[in-house]
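In what follows, a structure is listed as structure tokens, so that the remarks can point back to it.
The values are calculated or read from the model by the stated rules, or taken from the named source; none is laboratory data. For clarity, every value in this text was computed on a predicted model and none was experimentally measured. Note that each Cβ is placed from the backbone with ideal geometry, even for glycine, and that neighbours are counted across all protein chains shown. Just the protein is used for accessible areas: all its heavy atoms, side chains included, with ligands, DNA and RNA removed. Shrake-Rupley method; radii C 1.70, N 1.55, O 1.52, S 1.80 Å.
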Amino acid sequence: AAAAAAADTARCQPTWRGQRCCRAGHTMPEPFTQAMSAAWWPWGQSKQLGACCVQKRVDVPVDWIADGATLPVRRVAAQLASDATDAHSGHNSSRLPDQHAASPTAVPAVSDAFAEEVAWQVASDRQQQLYESASLLPVQYEVTPPQLEDPQHTATAVHKKTGLTRQLASFQKPRGAGARERMQSFILSLQRLSSSSDSAAKVFDIFEDYLTLHLLLEHCSGGTVYERILESQYFTEQESAVLVKHMLLALLPFHDNGLYHGNLTPDSFRFLNNSPHSPLKLIDFGIELKVHRWNAMEHLEGGPDLQNPQCPQFFETCKLVFSAPEVAPLPKRKQRGTMGAIPLLLSNSGVPDWQVISEERQADDADIEGLLDGDLLGDVIDEHADWLEEQQQEMEACNDRRKHEAADVWSVGAMAFLLLCGYPPFFAPSRNAVLGRIHKSEISFDPPFWSKISEEAKNFVNSCLKQSCWDRPSIHVALEHPWIQRLADTSPSGAMFTSFMLNLRRFYRTSLIATYVANMLAVKFRREDMQDFLRRCREIDNGNTGFFTASDLKHVLSALGHGSISEAITARFLRAFRHPGESYIDYVALLDSIFLRQQRLFEEELWRHVQRVSQSSGRGGAVGGEPDGWISVNELGMLFSDPVIVGLLMHEIPESAGVEESAVLHRAQAGIRQHCSDRRLAQIEFRCLAALLLRLVRSYASPGDLSSMGDSELEEGPSETISTIL
């Protein structure tokens, strides 16, 4: 690990300009200066040297270690020191690390721990250079798309030269400079902590472009917690305590360093390999939820709702059920006379106003009249207000950190509940019912399933699932609980009841079906298909409950001409996970999950084709020659003349709307030009462009489309009106 860290850091070339970076003006860390002075510079002139933080990386990637070359950490340290020696003597060395092995005595002996510390010091002082261009990702890795039952943003990547397998996790970056800085700080802390933790997947490499951040993580091939338990067919309370302890240990270094996850589920963990004693590792770090929070903090006025994150996992009941009350959205009250919950598809909240506002707003140069003339008084008031704001922010940051750490403890408690009886504590057939039970926070240990569970286990679960985040234990306190310390030594001997495996198999099957169908239909469904799907579901749902069984879902898909998906559900899940009970699906939450997936797929596909058009026009890999995602208004004609982009837009418009392609393109260009003209902008940011185009294509409604109704009619209108349309 130390050799990999040192090999993947930047070549640090000294400069004679003191402790200021020769290019960027960044200050070199003082511990690094002292370390260089003490160990590397025997001639005593190192105090005048500084380390440039924007030098190029070593030309040898991390994965070269497994390519037959064995390079000890001491030789990596020797390379860095030899580079510095060459710079001191006026020669700039560009040799590879293995070429320094011929003369290891040219530098003093350096300990492995020291080399690793120096490597991380260099890495932390060049944050920008830790990110490679996303265009290099397909060059270095062969990426295999994820399985349909896997999360949407994960894939498997194999290094083309070394054959090493990595897990690829991709996330859309937040909007705004401040939000992106928060994300960068979190990723760097994550990379540092994962390198020293045996309970978290290591972050080996990072790629990025304007829209997306890609993490190359340690590949954990041992399966999920569900799979490992269901394969064993024999599970005890002691094994539950061991798994929960490993989960707590995985979170411990993150909480100690001010980091948190926020929405843990059993799918957040994987076993490293298939061995019986394989370690359990944290592979999901809650980045998607954090991106939503960073966006909300960046756009305080009119931005996304902090308490209602529109992330796909919050619309999957089998993942939502592990969310803490302070993280989970509030349940929506059902309006009298309506037909259940309203999907995002049928509301105007799909493309909020904050997404169509460019990040760099025009400054208002108008003079403000009527203020006090006393400059000194104004300065004093401003300084005092700033001080009060800083104090308030510090208190809020402390409270916010404690709240989200407590949310992780809640999730661990909910997973412990699942591992003791086979079903989660607040499960219900519909999303709204799950949210209601979470916010009530009332748990019960039903005698048929909990009669063989120890009192210590029940006490641990109770302590973690307190409604108030201030009443829950910290990770350190939870690790000191007797049930964790003694690994359930007071529990009854023998395996769990047979009902445990039946409950767990049923719950896991429901989770797989919901994820599989959402990923499949996000690709196959057009807008009119989703309308037809909702109508069919409401026809079957005679009681207006908002959910139905997996068998009903199969009938709806077959009636809509998707018999292959219906057969796949039977083959993949219903036969493989035989269980006498039914799996219940919230079809409104399923539609919302599909809708959010489609929105992300549209944005990513549009960005990919915009880059392609830009490259083919000779403007390089970035839009308009700029790496920050800004598109000149003069380039709109070139973009909308591309047949692939035109086809992407027309695919989002219902065929029954009867609109011609030329009319759509004319309206799109006119609307975007007017948008830029009103704001006196010569260029438009890509995400703003994508949001405007989504709003445009969704404005075309087919005859009888529910979304053509006004909000008041849709949410508060009489049921006879909606029934007539249906």
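For region 162-172, what does the Karplus curve 6.51 cos²θ - 1.76 cosθ + 1.60, with θ = phi - 60°, yield as ³J(HN,Hα) per residue in whole Hz, taken in order and with x for Gly and Pro?
Per residue, the Karplus-derived 3J(HN,Hα) values read 9, x, 6, 9, 10, 9, 9, 10, 10, 9, 6 Hz.
Given a Förster distance of 35 angstrom, what is the FRET efficiency for residue 650 paired with residue 149, based on the Cβ-Cβ distance and rounded to 0.05?
Working from the Cβ atoms, E equals 0.70.
In Å, the Kirkwood hydrodynamic radius of region 490-583 over pairs of distinct alpha carbons?
Final number for the Kirkwood radius of region 490-583 is 14.9 Å.
For 261, 476, 219, give me the order by solvent-accessible area with a 1.4 Å probe, most accessible first, ignoring ligands, DNA and RNA.
476, 219, 261
If the reach is capped at under 24 angstrom between alpha carbons, list the lysines near residue 245, excluding any in the same chain fewer than eight residues apart.
Cross-link targets: 202, 281, 319, 403, 452, 458, 466.
Taking the Cβ-Cβ separation of residue 177 and residue 493 as r and a Förster radius of 56 Å, what is the calculated FRET efficiency to the nearest 0.05?
So the FRET efficiency works out to roughly 0.40.
Answer rounded, prolate or oblate for region 178-236, using the Cα gyration tensor with square roots of eigenvalues a ≥ b ≥ c: rounded when a/c is under 1.5, else prolate when a/b is larger than b/c, else oblate. Working shown, then result.
Numbers: a/c = 2.95, a/b = 2.40, b/c = 1.23.
Note, shape of region 178-236 comes out prolate.
How large is ³J(HN,Hα), in whole Hz, for each residue of region 655-671 in order, when computed from phi with the Karplus curve 6.51 cos²θ - 1.76 cosθ + 1.60 and θ = phi - 60°, using x for Gly and Pro?
5, 6, 5, x, 9, 8, 4, 4, 5, 5, 5, 5, 5, 5, 5, 5, x
Would you grab the residues whose amide H sits under 5 Å from the one on residue 683? Only those 5+ places off in sequence or on another chain, please, with H modelled 1.01 Å from N.
633
Order these peptides, 531-540, 673-682, 421-430, by their mean beta-carbon neighbour count within 10 angstrom, highest first.
421-430, 531-540, 673-682
Modelled label-to-label distance, residue 459 and residue 549, 7 Å Cα→beta-carbon offset: nm?
Each label point is offset 7 Å from its Cα along the Cβ direction, giving 4.3 nm.
Over all directions, the average projected area of the alpha-carbon convex hull for region 200-291 comes to how many nm²?
Details: hull surface 27.4 nm².
Mean projected area for region 200-291: 6.9 nm², to one decimal.
Suppose the chain between residue 234 and residue 502 were pulled fully straight at 0.36 nm per residue; how much longer would it get relative to their current alpha carbon spacing?
95.3 nm
For region 227-313, calculate the relative contact order in percent as a whole number, restricting contacts to Cα pairs under 8 Å that are 6 or more residues apart.
Once normalised by length, the contact order is 19 percent.
Tell me, in nm to one decimal, what length is gained between residue 275 and residue 306 on full extension, where the rule is 0.36 nm per residue of separation less the Cα-Cα distance? Provide the component values of the computation, followed by the final result.
Working: separation 31, 0.36 × 31 = 11.16 nm, distance 4.17 nm.
Answer, rounded to one decimal: 7.0 nm.
Mind checking the full-extension length gain between residue 680 and residue 189? Use 0.36 nm per residue of separation minus the Cα-Cα distance, one decimal, nm.
On the way: separation 491, 0.36 × 491 = 176.76 nm, distance 3.94 nm.
So the chain would gain 172.8 nm between residue 680 and residue 189.
Please compute the modelled spin-label separation between residue 139 and residue 667, points set 7 Å along Cα→Cβ, answer in nm with one decimal.
Inter-label distance under the simple model: 4.2 nm.
From the square roots a ≥ b ≥ c of the eigenvalues of the alpha-carbon gyration tensor of region 245-291, which class results: rounded (a/c under 1.5), prolate (a/b over b/c), or oblate?
Oblate is the answer for region 245-291, as a/c is 1.5 or above yet b/c matches or exceeds a/b.
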